[in-house]
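Structure first, commentary second.
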Amino acid sequence: MSEHDRRLTAARDIAPDRRRGGEIRVLLGPRTVGSTSGFMGVANLAPGERIAEHYHPYSEEFLYVARGELIVDLDGEPVPVRTGEALYVPVNVRHRLRNVADEPAEVVFQLGPLAPRPELGHVDTESAAEAATFGGRPEAGVLGGRTEAAP
């Protein structure tokens, strides 16, 4: 592999996208390294933060929790995902990520294949403001088999 083929990026060098909640950074993608088959990044969520519900009409998504614990709502069903665990999100499945724990969470994500055009790859089904009050109250969710409610 030549030096020109190698594309190294660092999360610290990518400005976070906060439009959908949390801090989302695309590390490897068409804009950062010229990839043509998918993209990969990292999302950080502070306690109580969430990424608004959405779906991908062209891409599968693979999630790996590198730190912390999350609830991922798949078509409305809560799925706890802990450090060291991975979750597959099929094409067209609505999903929302919620940190209902007391510690920050970090999740690595990868999506592929790419949509025909960037604006077709992501469909929001709620706003970040709506996600902040999911279930009628902040912090509602299930984690580790118990119900977590807002203080």
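The values are calculated or read from the model by the stated rules, or taken from the named source; none is laboratory data. Please read all numbers here as calculations on a predicted model, not as lab measurements. For neighbour counting, all protein chains shown are included, and Cβ atoms are generated from backbone atoms with ideal geometry for every residue, glycine included.
Of (1) assigned to a helix (DSSP H, G or I); (2) closer than 15 Å to ASP73 by Cα; (3) at pLDDT 80 or above, GLY135 satisfies all except one. Which?
(3)
Considering only the range 17-32, how many residues are of a type outside the set (S, T, N, Q) and not in a strand (DSSP E or B)? Quick ask: steps written out before the conclusion?
Let us first name the residues in the range 17-32 that are of a type outside the set (S, T, N, Q), namely 17-31.
Filter once more, so that each one left must be not in a strand (DSSP E or B): 18-22, 29-31.
Result for the range 17-32: 8.
Of all residues in the range 93-110 being surrounded by fewer than 22 Cβ atoms within 10 Å (Cβ to Cβ) and of a type in the set (A, V, I, L, M, F, W, C), which is nearest to GLY121 (Cα to Cα)?
If we take residues in the range 93-110 being surrounded by fewer than 22 Cβ atoms within 10 Å (Cβ to Cβ) and of a type in the set (A, V, I, L, M, F, W, C), then VAL93 is nearest to GLY121 (Cα to Cα).
Show the residue pairs that are 6+ apart or on different chains and have beta-carbon atoms under 8 Å apart, the first residue being within the range 58-86 and more than 26 Å from ALA115 (Cβ to Cβ) and touching a residue at least 60 places away in the same chain (Cβ under 8 Å), the second being among the polar types (S, T, N, Q) and surrounded by fewer than 19 Cβ atoms within 10 Å (Cβ to Cβ).
Listed by first residue and then by second, the contacts come to GLU69/THR83.
Please list, ordered by first then second residue, the pairs with beta carbon atoms under 9 Å, 6 or more apart or interchain, first in the range 34-47 and closer than 23 Å to VAL65 by Cα, second at pLDDT 95 or above and of a type in the set (Lys, Arg).
Matching pairs, first to second residue: GLY41/ARG25; VAL42/ARG25; ALA43/ARG25; ASN44/ARG25; ASN44/ARG67; LEU45/ARG98.
Anything in the range 47-66 that is more than 13 Å from the chain's Cα centre (by Cα) and either within 20 Å of PRO16 (Cα to Cα) or of a type in the set (Asp, Glu) (or both)? List them, or say none.
Across the range 47-66, the qualifying residues are PRO47, GLY48.
Determine if the range 67-81 includes at least one residue that is on the phi > 0 side of the Ramachandran plot, buried (at least 18 other Cβ atoms within 10 Å of the Cβ) and in contact with a Leu (Cβ under 7 Å, 6 or more places away or on another chain). Break it down into steps so the answer makes sense when it comes.
First, the residues of the range 67-81 that are on the phi > 0 side of the Ramachandran plot: 68, 75-76.
Adding the requirement that they be buried (at least 18 other Cβ atoms within 10 Å of the Cβ) leaves 68.
Now restrict to residues that are in contact with a Leu (Cβ under 7 Å, 6 or more places away or on another chain): none.
No - not one qualifying residue is present in the range 67-81.
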